[in-house]
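Following: one structure in structure tokens, then a few remarks.
The values are calculated or read from the model by the stated rules, or taken from the named source; none is laboratory data. Computed from a predicted structure; not experimentally measured. For neighbour counting, all protein chains shown are included, and Cβ atoms are generated from backbone atoms with ideal geometry for every residue, glycine included. All accessible areas refer to the heavy atoms of the entire protein, side chains included, with ligands and DNA or RNA removed. Shrake-Rupley method; radii C 1.70, N 1.55, O 1.52, S 1.80 Å.
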Amino acid sequence: MTTPPITPAPARRLGGRARSALTAAAVVLLAGSATGYALHAGNRPAGQRGAAEASFTLDGPALYFRDTATGRVAHQPLTATAGGADRTAGGPVCDRFHAAGGTALCLRAEPGVLPKTYAVVLDRQLREVSRKTLPGVPTRARVSASGQMLAWTVFATGDSYSTTGFSTRTAVLDLRTGYLVKSLEEIPLTIDGVRHHSPDVNYWGVSFARDDSRFYATVSTKGRTYLVEGNMGDWSARTLRENVECPSLSPDNTRVAFKKKVSDDPAAPWRLYVLDLRTMAETPLAETRGVDDQAAWTDDGTVAYALPGADGRASDVWTVPADGTGAPRLSVTGGSSPVAVAGAAEMP
């Protein structure tokens, strides 16, 4: 049963707590670490800054992804192998992309000494519906299965989850009402049964359940990361497990794919796991390389993710079975932000 739309309530108003002002040192850090990303976005050819071509829509079943060579969203059949022969180009320019339920979310970095991001909401024809301007660098994007709940994360003062002291800002938008939760840091958080208060709380990597109320995310505080189960309906969040980052809920809502820190090696600190939410048992996946991505389920048995590409490519998209068997398979050369889009008949 779908939860009623989020409406503003006194306990959820966001204006009561102001974020601490950036110090001069933090500004210098942000300018140095994130400007390169923003300048890269600003150097795109003019033809790459526009909307999707008229013939390019959300029409599956297909695997949609960001083409790293052009910055545009493309798609190919879910069963296609890497090589590009079945690739269809012409989507919008995005730095992070996700879609479900006939809605797409495109995060687009814009240049500047202090970079900013546009969170652009697109309809099934990939026409712009609305946009928000955010300070920071885009990093995570998610749309609920119904297409009605959207979440995005930007780096506010850093550009890597492998560094210490970074700051994120995660927002949630309810398209049914237009109500925007500007920062999940406002949600009451319980850790090990105790209400937690700390100025260093950061959220990222939201993944929505089918009821559009329950969600999973990462929270970090006091040098630790946790899997959080939250509820937009009663405005609460509680930790379920430590050392879980970038959760992605399976289509059947029974398991979470996530990256787990397994090493202090900054080159490969994480490995992909799947957590059974009923038994809380973890399964390491056959992908043993360090994955710094929020995995996406292509079906109930397979997850997709991006890894640095060979031959100088920024990234490639791989898939691997979700039960720990098999082996990784290269699905897209020169791609990132993978998401399986259902056929029009399956969409709301």
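Summary table
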{"item": "Whole-Hz couplings from phi, Karplus 6.51/-1.76/1.60, listed for segment 324-339; x for Gly and Pro", "result": "x, 8, x, 8, x, 10, 6, 9, 9, 8, x, x, 7, 6, x, 7"}
{"item": "Net length gained if the chain between K182 and D86 were fully extended (0.36 nm per residue, minus Cα distance)", "result": "30.7 nm"}
{"item": "For segment 311-321, Karplus couplings with θ = phi - 60° (6.51, -1.76, 1.60), whole Hz, Gly/Pro x", "result": "6, x, 5, 5, 6, 10, 9, 10, 10, 8, x"}
{"item": "Burial order of peptide ranges 318-324, 231-237 (average beta-carbon count within 10 Å, highest first)", "result": "318-324, 231-237"}
{"item": "Proximal lysines relative to K261, as straight alpha-carbon distance under 17 Å, when same-chain residues fewer than 8 apart are discounted", "result": "K222"}
{"item": "Neighbourhood net charge (13 Å Cβ-Cβ; Lys/Arg +1, Asp/Glu -1) for E287", "result": "+1"}
{"item": "Whether segment 264-319 is rounded, prolate or oblate, judged on the alpha carbon gyration tensor where a/c under 1.5 counts as rounded", "result": "oblate"}
{"item": "In sequence order, calculated HN-Hα J values of segment 253-268 (Karplus, 6.51, -1.76, 1.60; Hz; x Gly/Pro)", "result": "6, 10, 9, 10, 8, 7, 9, 10, 6, 10, 7, 8, 5, x, 7, 8"}
{"item": "Mean Cβ neighbour count within 10 Å, used as a protection proxy, ranking 197-203, 272-278 highest first", "result": "272-278, 197-203"}
{"item": "Fully extended contour minus Cα-Cα distance, from V262 to T190, at 0.36 nm per residue", "result": "23.4 nm"}
{"item": "Prolate/oblate/rounded label for segment 198-348 (Cα gyration tensor, a/c 1.5)", "result": "oblate"}
{"item": "Solvent-accessible area, 1.4 Å probe, carbon plus sulfur percent, for segment 195-272", "result": "44 percent"}
{"item": "T298 long-range amide H proximity, modeled H, under 5 Å", "result": "V303, A304"}
{"item": "Spin-label pair T325/R313, simplified geometry with 7 Å Cα→Cβ offset, distance in nm", "result": "2.8 nm"}
{"item": "T133 versus E242: modelled label distance in nm, points set 7 Å from Cα along the beta carbon direction", "result": "4.3 nm"}
